[in-house]
Amino acid sequence: MKQRPSSLPAHGMPLRPLWGRKLQDWAVQGFSVLALTVAVGAMLWILCTIVARGSEALGWGFLTNPSKPYGLPDAGIANALLGTLLVTLCAALIAVPPALCAGIWLAEFGKRSRLADTLRFCANVMMGMPSVIVGLFVYMALVVPMGCFSGFAGSVALAILMFPVVMRTTEDMLAMVPDTLRESGLALGLTRCRVTLQIICRAARNGMVTGVLLSVARVSGETAPLLFTALFADAWPTRFFSGPTANVPVLITEYATNSPFEAMHRAGWGAALVIALLVLAVNLVARILFRERKA
């Protein structure tokens, strides 16, 4: 009887040599470490550059005085900070409630319906849409009919960018909740609506808050939509619905690219550092408030 070659297993398929599999494993590990190093290194480089250049402009007057044309003393970014806060807060009020409701419906009530598949597809397309297109759309839909730039138009543009992020994150977080919680609530006689709102949403609240924070981080530094909607003004944002509104992203763009003066460049770096610190602070506060408490 002819014997089977030793390199072939019982089923007759050849095995890859052990050294080849180890080499492939080392190559994948090395590529992963290299990619992580490049990503973290780039992030640290950006942060270090912002801190090094932006710290030169920081001061109490820089944070409390409004922006002024070049040459006037005691210029700051207080009006831009207030304008950014108003624009972002209004955008969150417009986008977050309907996005949460849509995410809850997709996860709990319309999982496999044709409408749900259509909404998911549209949300994925919106998440990959360039923000400048959203700015142009809101410009034609609101700014041109109103006849003026406004902070409200900027909020609408940012809300369009926030909506799909909050909706998809909410759906994903609710989908991760075990079905045993749903079954337990229904077994106790609760309605499906009460089970969803009082049990499922409470169990997934940390992830839902993270989705809202991700959406805020997504729009906090967006410049293109605000260039077409809110624009900028060296004044306090007293005409939020009827006039150009100061904001930090456009201030940074104007000072860094459209000004030949070093003092304006320094103020732009300072504004970039301030908005980076604000986003970091919001994330830290949310993590502290919604951290899991051990029994």
Which one of these is assigned to a helix (DSSP H, G or I) and either at pLDDT 90 or above or not small (Gly, Ala, Ser) (or both): Lys22, Lys68? Lys22
Looking at segment 216-273 only, could you name the residues that are of a type in the set (Ser, Thr, Tyr) and in contact (Cβ under 8 Å) with a residue 12 or more places away in the chain? Ser220, Thr223, Thr229, Ser242, Thr245, Thr253, Tyr255, Ser259
What number of residues within segment 111-136 are within 15 Å of the chain's Cα centre (by Cα) and among the aliphatic types (A, V, I, L, M)? 4
Give Arg239, Arg287, Arg266 a once-over and let me know the one that is under 19 Å from Gly54 (Cβ atoms) and open to solvent by 50 Å² or more (accessible area, probe 1.4 Å). Arg266
Among Asp172, Asp74, the single one that is open to solvent by 60 Å² or more (accessible area, probe 1.4 Å), modelled with pLDDT under 95 and within 30 Å of Leu197 (Cβ to Cβ) is Asp172
Given (1) of a type in the set (Asp, Glu); (2) exposed (fewer than 12 other Cβ atoms within 10 Å of the Cβ); (3) assigned to a helix (DSSP H, G or I), index of the condition Asp117 fails: (2)
Gly83: at pLDDT below 90 and not acidic (Asp, Glu), yes or no? no
Among the listed residues Leu47, Leu100, identify the single one that is open to solvent by 70 Å² or more (accessible area, probe 1.4 Å), touching a residue at least 24 places away in the same chain (Cβ under 8 Å) and either in a helix (DSSP H, G or I) or farther than 30 Å from Ala153 by Cα (or both). Leu47
I'd like to know if segment 145-155 contains one or more residues that are among the aromatic types (Phe, Trp, Tyr) and touching a Cys at 6+ places or on another chain (Cβ under 9 Å). yes
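The values are calculated or read from the model by the stated rules, or taken from the named source; none is laboratory data. Every value quoted in this text rests on a predicted model; they were computed, and no experiment measured them. For neighbour counting, all protein chains shown are included, and Cβ atoms are generated from backbone atoms with ideal geometry for every residue, glycine included. Note: accessible area is taken over every heavy atom of the protein model, side chains too, but ligands, DNA and RNA are not part of it. Shrake-Rupley method; radii C 1.70, N 1.55, O 1.52, S 1.80 Å.
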